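The values are calculated or read from the model by the stated rules, or taken from the named source; none is laboratory data. As the structure is a prediction and not an experimental result, all values here were calculated from the model. Counting neighbours? That spans all protein chains shown, and the Cβs are built from the backbone with ideal geometry, glycine included. To get the accessible areas, we keep the full protein, side chains included, count just its heavy atoms, and leave off ligands, DNA and RNA. Shrake-Rupley method; radii C 1.70, N 1.55, O 1.52, S 1.80 Å.
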Amino acid sequence: MSHPTGVDHSKPHAAHEVHHEELGFWRKYVFSTDHKVIGIQYSVTGMLFLLFGFTLMMIMRWQLAYPGVPLPLIGGLFGEARMPGGTMLPEFYNELGAMHGTIMVFLGVVPLAVGGFGNFVVPLQIGAPDMAFPKINMLSYWSLVLGGLTMLGSFLVPGGAAQSGWTSYAPLSVIAGTGQTWWLVGMIFLITSSLLGAVNFLTTTIQLRAKGLTFMRFPFFVWSQFVTSFLLLLAFPPLEAAGVMQLMDRVAGTSFFMPSGLVVSGQVLTNAGGGNAVLWQHLFWFLAHPEVYVLILPGMGIVAEIIANNTRKPLWGYRAMVYSLVFLGFMSFIVWAHHMFMTGMGTAMAAFFQTTTMIISIPSVVILTSLLLSLWGGSIRFNTPMLFATAFLPMFGIGGLTGLPLGLNISDIPLHDTYYVIAHFHYVVAPGTIFALMAGIYYWYPKATGRRMNETLGKIHFAGTLVCMNVVFMPMFIVGLAGVSRRLFDAGSGYDFAQGTMHWNVVSSWGAWIMALFQIPFIFNFFYSIWNGEKVGDNPWDATTIEWAAPSPPPHGNFAVAPQAYRGPYEYSVPGAAKDFTPQHEAS
């Protein structure tokens, strides 16, 4: 039976049964080399860590809303060393803060956005049978698991987990407790995982794309993962080196980041000295600013796919979006020191980094504007993926615009380390990136399982989360503009100037706790729909990109016949066409 698509779905396994041995449970589902299984492993692991990191934050929010008040019900579970009588000690608050940031960024969002969506979707979208290096892909995932277990294990060591913030600034981090050593070892595993994944994505995208799939026929999501992989490959090695150097400072007596003559608790340290604490900041932020784009670019890619599909229109300004994406990736390497205006850099250097920071906002605005213009005149379908995708646009807009004052040293210095910074960053990655990731889960769930998630539960999840996200983070702008530091474990209750902001912490905290309740419909929907969701065909969204040519769920090797790309990725509503979508893999 012939098909005009060039992909025969009648016997999806036939082309692979001859060469594909049947694997046992452990090799098929645990130590798998199949990109789809590894993508699902990354996704589930990332979501579990997001839930754990979110839980740490909810405990912190009790202390910020009601400082000094014993935590009801569970306060006694943390022991007298951390919460005597259920009342949080400053050291435990610092543990929660450092590990919340580390887990959400390095063990939550990155594994889900890059490891999960990248592994599952990119090979399918480019028509590849698998990743270029399947065993390295497996090693990448298990390096992440080792790093995550090391991070979790640090809570059990004497003195608790790392307490020096997710940035681990020296010299405080060098003289901190044992948990910081575990943090550094965990980070080395996590960075190794990302580097292995980045090499794999770059090779796969360049070498394994389908015939006819030129670079300007890539879906925007593939471009976003491609640029993200370059950022990981080039930005993570300096932090890995810095992590090893800080580890040596802690366990081998070196002084990479330890200056001479430090006095700690009245005692002069006897380290060799001569190190530079600001060097750690340079090495950390050289990674951590590109890391912000590692968090956001996959989200932009997901949103672009969903907007094009649900407006039934091509993306407005596709080429401009691609060029902006590449330029944004390049510029992300020369803006890092805008995090460091407080270190006393000279006016010439400050002027340079202020200028590059203003320039880097331009490609972000081009992409956001193109996505907004793509909505104009569209026949919009407001399903759950589209709701999350459209909400991403204003939320990311708020996050981006509020970052501009932080890129100018005259306004950054009074705002530095206040809750304003927390609000800005979280608007980018919480209602920004995480909304995009939620959209992606609802959108590609049918491809992974052959079933669709429940729309009613999805819309309840969306509405509650959207409202609560803003209730949590919007008050932080007010608290930050009042000058309240984000490092205060009692939210500034001991300072007169902070008294007028204390009630906003109660508002934010209740927003967070109620938002947790709105995740229950999502968790139920996610697992219930695996077995009981509505069964759908291979292309339930009437989409145009190549992944929808594969069966749902895709078999080993993905495609019975290697697909071929005949056109661009977003041929929607073509005048004169028989239907409102023309897939990439269909010959005209």
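Under a straight-distance cross-link criterion of Cα-Cα below 25 Å, which lysines are reachable from K535, leaving out those fewer than 8 residues away in the same chain?
Leaving aside lysines fewer than 8 places away in the same chain, those within reach of K535 are K11, K28, K36, K447, K459, K579.
With every protein chain present, what is the per residue accessible area of the chain (1.4 Å probe, Å²)?
Values: 23030 Å² over 588 residues.
Counting only protein heavy atoms, the per-residue value for the chain is 39 Å².
Put one equal scatterer on each alpha carbon of region 406-517, apply the Debye formula with no solvent term, and list log10 I(q)/I(0) at q = 0.10, 0.16, 0.18 1/Å to two decimals.
-0.40, -0.79, -0.91
Can you pull the one-decimal nm distance between simple spin-label points at M248 and M58, each 7 Å off the Cα toward Cβ?
Rounded to a tenth, the inter-label distance reads 4.3 nm.
From Cα pairs below 8 angstrom and at least 6 apart in sequence, can you work out the relative contact order of region 401-556, rounded to a whole percent?
Details: 175 pairs, mean separation 50.7, N = 156.
Once normalised by length, the contact order is 32 percent.
Taking just the alpha-carbon atoms of region 208-302, what radius of gyration and Dmax come out, in angstrom?
Both quantities, over Cα of region 208-302: 20.4, 70 Å.
Taking the Cβ of R82 as the centre, find all other residues whose Cβ is under 15 Å away and add up their charges (Lys, Arg: +1; Asp, Glu: -1). Mind dumping the intermediate values first?
Working: positive: none; negative: E80, E91, E95.
That works out to -3.
I need the Kirkwood Rh of the chain: take the reciprocal of the average 1/r across all distinct C-alpha pairs and report it in angstrom. Working shown, then result.
Working: mean 1/r = 0.0400 Å⁻¹.
About 25.0 Å, per the Kirkwood formula over Cα pairs.
Per-residue ellipticity at 222 nm for the chain, helices alone: DSSP H runs ≥ 4 residues times -39500 (n - 2.57), over residue total, nearest 500 deg cm²/dmol?
It comes out at -19000 deg cm²/dmol, rounded to the nearest 500.
Give me the mean projected area, in nm² to one decimal, of the convex hull enclosing the Cα positions of region 322-450.
On the way: hull surface 38.2 nm².
That works out to 9.5 nm², a quarter of the Cα hull's surface.
What FRET efficiency comes out for the pair S493/V467, r = Cβ-Cβ distance, R0 = 30 Å, nearest 0.05? Working shown, then result.
Working: r = 27 Å, r/R0 = 0.92.
Taking R0 as 30 Å, the efficiency between S493 and V467 is 0.65.
Can you give me the % of accessible surface on the chain that is carbon or sulfur? Probe 1.4 Å, all protein chains present, nothing else counted.
Values: 16130 of 23030 Å².
Roughly 70 percent, rounded to a whole number.
Would you mind estimating how fast region 25-83 diffuses translationally, via Stokes-Einstein at 10 °C and 1.306 mPa s with the Kirkwood radius over Cα pairs, in µm²/s? Intermediate values should be presented prior to the final figure.
Values: Rh = 14.4 Å.
Estimated via Stokes-Einstein, D reaches 111 µm²/s.
In region 98-209, what is the volume of the convex hull around the alpha carbon atoms, normalised per residue and reported in Å³? Numbers along the way, then the final one.
Working: hull volume 9.3 nm³, N = 112.
With only Cα atoms used, region 98-209 gives 83 Å³ per residue.
Nearest 5 is fine: what % of DSSP beta bridges in the chain come out antiparallel, could you say? If you can, show how the numbers build up before the last one.
Numbers: 6 of 8 bridges.
Here the antiparallel bridges make up roughly 75 percent for the chain.
In the neighborhood of S164, defined by Cβ-to-Cβ distances under 13 Å, what is the net charge if each Lys or Arg adds +1 and each Asp or Glu adds -1? If you can, show how the numbers build up before the last one.
Details: positive: R250, R487; negative: E91, E95, D249.
Residues close to S164 contribute a combined charge of -1.
What list of whole percents do you get for P(r) of region 41-145, with Cα-Cα distances grouped in 10 Å bins up to the one holding the largest distance?
Pairs per bin, as whole percents: 15, 34, 22, 16, 10, 3.
May I ask for the net charge around N525, where only other residues with Cβ less than 13 Å from the Cβ of N525 are counted and Lys, Arg are +1 while Asp, Glu are -1?
Numbers: positive: R451, R452, K459; negative: E455, E534.
Net charge around N525: +1.
Can you compute 3J(HN,Hα) from phi for each residue in region 439-454, using the Karplus curve 6.51 cos²θ - 1.76 cosθ + 1.60 with θ = phi - 60°, rounded to whole Hz and x for Gly and Pro?
4, x, 4, 5, 6, 9, 3, x, 5, 6, 10, x, 9, 9, 6, 5
List, in order, the whole-Hz ³J(HN,Hα) value for each residue of region 548-560 obtained from phi through the Karplus relation with A = 6.51, B = -1.76, C = 1.60 and θ = phi - 60°; use x for Gly and Pro.
7, 7, 7, x, 10, x, x, x, 4, x, 6, 10, 5
Under the Kirkwood approximation applied to all pairs of distinct alpha-carbon atoms, what is the hydrodynamic radius of region 272-322 in Å? Intermediate values should be presented prior to the final figure.
Details: mean 1/r = 0.0713 Å⁻¹.
Its Kirkwood hydrodynamic radius stands at 14.0 Å.
Looking at region 512-588 from every direction and averaging, what is the projected area of its Cα convex hull in nm²?
Working: hull surface 32.4 nm².
Hull-based average projected area comes out at 8.1 nm².
May I ask for the angle, rounded to the nearest 10°, between helix 318-331 and the longest principal axis of the chain, with both axes built from Cα atoms and the value confined to 0 to 90°?
30 degrees
Report the per residue volume, in Å³, of the convex hull enclosing the C-alpha atoms of region 176-223.
Once divided by residue count, the hull of region 176-223 is 78 Å³.
State, to one decimal in nm, how far the label point of I206 lies from the label point of V157, with both points 7 Å from Cα in the Cβ direction.
A separation of 3.8 nm, rounded to one decimal place.
Applying a 10 Å radius around every beta-carbon, put 563-570, 492-499, 46-53 in order of their mean neighbour count, most first.
Final packing ranking: 563-570, 46-53, 492-499.
Calculate one ³J(HN,Hα) per residue across region 102-111 by plugging θ = phi - 60° into the Karplus curve 6.51 cos²θ - 1.76 cosθ + 1.60, and present them in order as whole Hz with x for glycine and proline.
Ordered by residue, 3J(HN,Hα) equals 4, 5, 5, 7, 8, 10, x, 5, 5, x Hz.
Run down the aspartates and glutamates and flag those whose C-alpha is under 20 Å from the C-alpha of K135, throwing out any fewer than 8 positions away in its chain.
Excluding near neighbours in sequence, the set is E21, E22, D34.
May I ask you to work out the translational diffusion coefficient for region 234-388 at 4 °C, viscosity 1.567 mPa s, via Stokes-Einstein with Rh from the Kirkwood sum over Cα pairs, reported in whole µm²/s?
Value of D from the Cα-based Kirkwood radius: 69 µm²/s.
Where in region 372-402 does the label zone of A320 land, with the point 7 angstrom along Cα→C-beta and an amide N cut-off under 13 Å?
372-375, by backbone N distance to the label point.
Please list, by residue number, everything in region 448-467 whose backbone N is under 18 Å from a paramagnetic label point 7 Å out along Cα→Cβ of K535.
Answer for region 448-467: 448-454.
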